[in-house]
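Data first, discussion second: the structure below is written as structure tokens.
The values are calculated or read from the model by the stated rules, or taken from the named source; none is laboratory data. Predicted, not measured: the structure shown is a model, and the values here were computed from it. Cβ sites come from the backbone with ideal geometry, for glycine too, and all protein chains shown count toward neighbours. Side chains are part of the model used for accessible areas, which takes the heavy atoms of the whole protein and leaves out ligands, DNA and RNA. Shrake-Rupley method; radii C 1.70, N 1.55, O 1.52, S 1.80 Å.
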Amino acid sequence: MADFDQHISQRFDEELHDIRSMVLAMGGLVEEQVANAIKALQSGDGDLASETISRDHEVNGYEVRIEEECIGIIARRQPAASDLRLVMTIIKTVADLERMGDKAVKIANMTLAIGHAAQGSNHALLRDIDGMGKYALDMLRRAMDALARVDADAAIEVAKGDEMLNQEYRSAMRRLITYMMEDPRTITSAIDALFVAKAIERIGDHARNICEYVIYLAKGKSVRHLPLDEVAETWQGE
């Protein structure tokens with residue numbers, strides 16, 4: 001009986017390892033999608049934009065498969081405590097990753113709609129996109145690394161960076177509004193750039209969400225409605 005129980009436990013650990021691997025692979029794909037979408041926008045590369053759009057089904061496929069695996073684990077294993085937190089964290093994480101993939105598609109569609117975005121007056125309008133994009137991608141990369149290591153301290157540091165990205169978005173918005181006021185001919189292009197900046201800002205929000213899930217996984221505490229300065233205090237002294 002002991003050998004049987006050990007076999008069951010080992011198989012359960014393998015299932016958890018498999019879904020963790022899948023969610024990390026999904027994170028890598030989403031990171032690539034976002035990077036390619038921004039690159040396509042800045043270079044006016046319609047082929048790269050189209051490729052980004054066409055690969056969205058891969059992101060969606062990961063989400064469906066991982067959710068099915070998680071539901072199966074809950075039904076078969078009835079996990080408790082930390083194992084259940086892991087499964088719930090993964091379910092929530094893949095939902096945020098899928099939404100990031102949608103933002104990449106939105107940016108790619110914008111590239112196809114406005115043509116060679118990096119040429120002419122659009123170059124000035126997109127001046128903030130490169131910095132915002134790099135920052136959002138760094139947040140995503142570090143959030144997934146924190147998830148892989150179940151590192152609550154790293155997660156809180158990444159989450160704090162979301163306010164910096166929000167500030168960059170507000171600065172970009174003010175600059176774009178100024179362009180529109182000074183030259184009404186830029187209104188359409190400036191609005192397009194504003195939508196892109198907002199999409200990137202939302203990617204940062206989703207990365208922050210993942211960080212909050214990591215803290216929940218590591219510490220068993222929900223911090224979603226706490227100010228970031230207070231979050232670390234919730235596990236001090238443990």
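Among the residues of the range 42-58, which ones are part of a helix (DSSP H, G or I) and of a type outside the set (Ser, Thr, Tyr)? Explain how you work it out, then say what you get.
The first filter runs over the range 42-58 and keeps only residues part of a helix (DSSP H, G or I), leaving 42-43, 46-54, 56-58.
Gln42, Gly46, Asp47, Leu48, Ala49, Glu51, Ile53, Asp56, His57, Glu58 - these are the residues of the range 42-58 that are part of a helix (DSSP H, G or I) and of a type outside the set (Ser, Thr, Tyr).
Which residues, counting only those in the range 11-38, are over 17 Å from the mean Cα position of the chain (by Cα) and among the charged types (D, E, K, R)? Show your work before the answer.
Residues of the range 11-38 that are over 17 Å from the mean Cα position of the chain (by Cα), as a first pass: 11-19.
Across the range 11-38, the qualifying residues are Arg11, Asp13, Glu14, Glu15, Asp18.
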Looking only at helices (runs of 4 or more DSSP H) that lie completely in the range 74-158, which have at least 2 residues being open to solvent by 60 Å² or more (accessible area, probe 1.4 Å) and closer than 17 Å to Ala218 by Cβ?
81-114, 129-149
Being in a helix (DSSP H, G or I), buried (at least 22 other Cβ atoms within 10 Å of the Cβ), of a type in the set (D, E, K, R) and under 22 Å from the mean Cα position of the chain (by Cα), is that true of even one residue in the range 180-199?
no
Give me the pairs: first residue in the range 43-62 and more than 15 Å from Leu29 (Cβ to Cβ) and touching a residue at least 60 places away in the same chain (Cβ under 8 Å), second residue assigned to a helix (DSSP H, G or I) and open to solvent by 50 Å² or more (accessible area, probe 1.4 Å), beta-carbon distance under 6 Å, and six or more apart or on different chains, which are they?
Gly46/Leu112; Ala49/Leu112
